[in-house]
Amino acid sequence: MKLVFAGTPEVALPALDALIASDRHEVAAVVTRPDAPAGRGRRLVASPVAQRAEEAGIEVLKPAKPRDEDFLARLREIAPDCCPVVAYGALLPKAALEIPVHGWVNLHFSLLPAWRGAAPVQHAVLAGDEVTGASTFQIEEGLDSGPVYGVLTEEVRATDTSGDLLTRLAFAGSGLLAATMDGIEDGSLKAVPQPAEGVTLAPKIEVEDAKIDWSAPALRVDRVVRGCAPAPGAWTLFREERLKVMAVTPLPDRTDLEPGEIAATKKAVFVGTGSHAVQLQWVQPQGKKPMAAADWARGVRISEGERVGG
């Protein structure tokens, strides 16, 4: 099939690479978000997908909005058979959805209908799911509600951050998306409607959602830290400044600290929660680079009875 691939961030690259490498399909163009400011100089930088496509000599389309007439006209000229999508980042209008013969097929990182929305992997970690996965489905005007072509499952490991899990799903999902394109082309795959039961939503995790509640159980604190890593990053307040908490280890045997109370030794930093303590592993003070929690504690000279959380 002739394909137009839509995607923007680095997580979309394994799927794009798999489709470029396919001997059954041609990636005629990619659609990606416009160049965005990045780095200290805030200069405009092309998306990872745009950069990879340019390296491969593939046409790159960067509509400000996918309903722009110039973009729709070019898409009609290309006349794709199907448009595979991975983390494109913009809602597709009906006018765009109707152009390819086989529609737009999204690789979504959850077992639909669970975790429809922008942050399925983060919500799976936050909820303590033991198994998640990826799904390919036909995009329609509803939110991730279209019929499903295929799924794969992936174990959520006890120490997984959202970044860890998303990386594994991106590589495993690239094969699923390529296989879905093959099945659509040869007619062996038919999309199946999603069940009405089991729908959960996964809205974007905002910075305020990543604030640690030290009165919650240690298990919840650990999930927030892992679920919000690498972005937006779990955080707390210490001496009225924001402190990012990048990794913790729950300590079921330590119950002598009140929620938010800090205890530091030369080699370790502990914080009380609503159940038992956690050990801080890595932190990032405001305006500084990430560091081992013990190094941070020595630098700030924590007093007995001091707390995090404000």
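Assign unit charges at the C-beta atoms only (+1 for Lys and Arg, -1 for Asp and Glu), then state the dipole size of the range 173-310 relative to its Cα centre in Debye, rounded to the nearest 20.
About 620 debye.
As a test of understanding, state the convex hull volume per residue of the range 86-242 from its alpha carbons, in Å³.
In the range 86-242, the Cα convex hull volume per residue is 117 Å³.
Can you list, largest first and rounded to whole Å, the semi-axes you get for the chain by taking the square root of 5 times each eigenvalue of its Cα gyration tensor?
Equivalent ellipsoid of the chain: 43, 21, 15 Å, largest first.
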- [ ] Give, to the nearest whole percent, the P(r) tail of the range 116-157 beyond 15 angstrom, counting all Cα pairs.
- [x] 48
Task: Candidates M291, M246, M181: whichever shows maximal mean-square fluctuation once the chain is modelled as a Gaussian network with Cα springs under 10 Å - done: M291
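Quote to one decimal, in nm, the extra length available between D68 and L44 on full extension: 0.36 nm per residue of separation minus the C-alpha distance between them. The partial results should precede the final answer.
Details: separation 24, 0.36 × 24 = 8.64 nm, distance 2.11 nm.
Result: 6.5 nm gained on full extension.
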Open item on the list: Cross-link candidates for K62: which aspartates and glutamates have Cα within less than 18 Å, leaving aside residues fewer than 8 places away along the same chain?
Closed with: E10, D35, E54, D70, E77
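Just subtract the alpha-carbon distance of A196 and L237 from 0.36 nm times their residue separation and send over the number in nm, one decimal.
Working: separation 41, 0.36 × 41 = 14.76 nm, distance 4.17 nm.
Going from the current span to full extension adds 10.6 nm.
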TODO: Calculate what fraction, in whole %, of the accessible area of the chain sits on carbon and sulfur atoms when a 1.4 Å probe is rolled over the protein chains.
DONE: 52
Task: Solvent-accessible heavy-atom area per residue, rounded to whole Å², over the range 106-159 at 1.4 Å - done: 39
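Quote the relative contact order of the range 1-158 in percent (integer), defining contacts as alpha-carbon pairs under 8 Å separated by 6+ residues.
It rounds to 20 percent for the range 1-158.
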Task: Global form of the range 166-247, assessed from the alpha-carbon gyration tensor, a/c cut-off 1.5 - done: prolate
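Going through the DSSP H helices of the chain, which span 15 Å or more along their own axis at the Cα atoms while scoring at least -0.5 as a mean Kyte-Doolittle hydropathy?
Within the chain the helices that satisfy the rule are 162-186.
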Open item on the list: For the pair E304/A95, report the inter-label distance in nm, with labels modelled 7 Å from Cα in the Cβ direction.
Closed with: 7.1
Open item on the list: With the alpha-carbon atoms as the only input, what is the per residue convex hull volume for the range 252-295 in Å³?
Closed with: 71
TODO: Tell me which residues come under 5 Å, amide H to amide H, from V31 once H is placed; ignore anything under 5 positions away on its chain.
DONE: F5, A6, G7, L61
- [ ] Could you check what % of the DSSP bridge pairs in the range 98-237 are antiparallel, to the nearest 5?
- [x] 85
- [ ] Return one whole number: the accessible area per residue of the range 32-91 in Å², for a 1.4 Å probe.
- [x] 58
Open item on the list: Suppose we keep just the DSSP beta bridges with both residues in the range 2-123; what percent of those would be antiparallel, to 5?
Closed with: 20
Task: Cα-centred dipole magnitude for the chain, charges only on beta-carbon of K, R (+1) and D, E (-1), debye, nearest 20 - done: 1140
Task: Gyration tensor (alpha-carbon) shape descriptor, the range 215-308, a/c threshold 1.5 - done: oblate
TODO: Name the residues whose placed amide hydrogens come within less than 5 Å of the amide hydrogen of V248, ignoring near sequence neighbours (fewer than 5 apart) on the same chain.
DONE: Q281
Task: Normalised contact order of the chain, rounded percent, pairs of Cα under 8 Å and 6 or more residues apart - done: 13
- [ ] Pull up the DSSP beta bridges for the chain and report the antiparallel fraction as a percent, rounded to 5.
- [x] 70
Task: With eigenvalues of the C-alpha gyration tensor scaled by 5 and rooted, the range 52-120, Å - done: 23, 15, 12
Open item on the list: Compute for the range 1-145: radius of gyration divided by Kirkwood radius, i.e. Rg/Rh, restricted to C-alpha atoms, rounded to two decimals.
Closed with: 0.97
Task: Spatially near lysine pairs across the range 177-310, Cα under 24 Å, sequence gap of 8 or more or different chains - done: 12
- [ ] Would you calculate the separation in nanometres between label points at E55 and K266, each defined as 7 Å from the Cα along the Cα-to-beta-carbon direction?
- [x] 4.7
Task: Segments 57-65, 156-164, 135-143 sorted - mean Cβ within 10 Å per residue, highest first - done: 135-143, 156-164, 57-65
Open item on the list: Counting heavy atoms of the protein chains only and a 1.4 Å probe, report the per residue accessible area for the range 181-243 as a whole number of Å².
Closed with: 55
Task: Peptide ranges 264-274, 201-211 listed from the most packed, as the mean C-beta count within 10 angstrom indicates - done: 264-274, 201-211
Task: Options A202, L107, Q279, ranked by Cα towards positive dipole end of the chain, top entry (Cβ charges) - done: Q279
Task: Additional length obtainable on full extension of the chain from E258 to D35, 0.36 nm per residue less Cα span - done: 75.5 nm
Task: Assigned charges on the beta-carbon of Lys, Arg, Asp, Glu; the range 1-71 dipole about Cα centre (debye) - done: 380
Open item on the list: Can you tell me which of G133, G89, G299 moves the most in a GNM of the chain? Springs connect C-alpha atoms under 10 Å apart.
Closed with: G299
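The values are calculated or read from the model by the stated rules, or taken from the named source; none is laboratory data. Please read these numbers as outputs of a predicted model, since none were measured by experiment. Cβ: placed from backbone, ideal geometry, glycine included. Neighbour counts: every protein chain shown. These area figures cover heavy atoms from the full protein model, side chains too; ligands, DNA and RNA do not enter into them. Shrake-Rupley method; radii C 1.70, N 1.55, O 1.52, S 1.80 Å.
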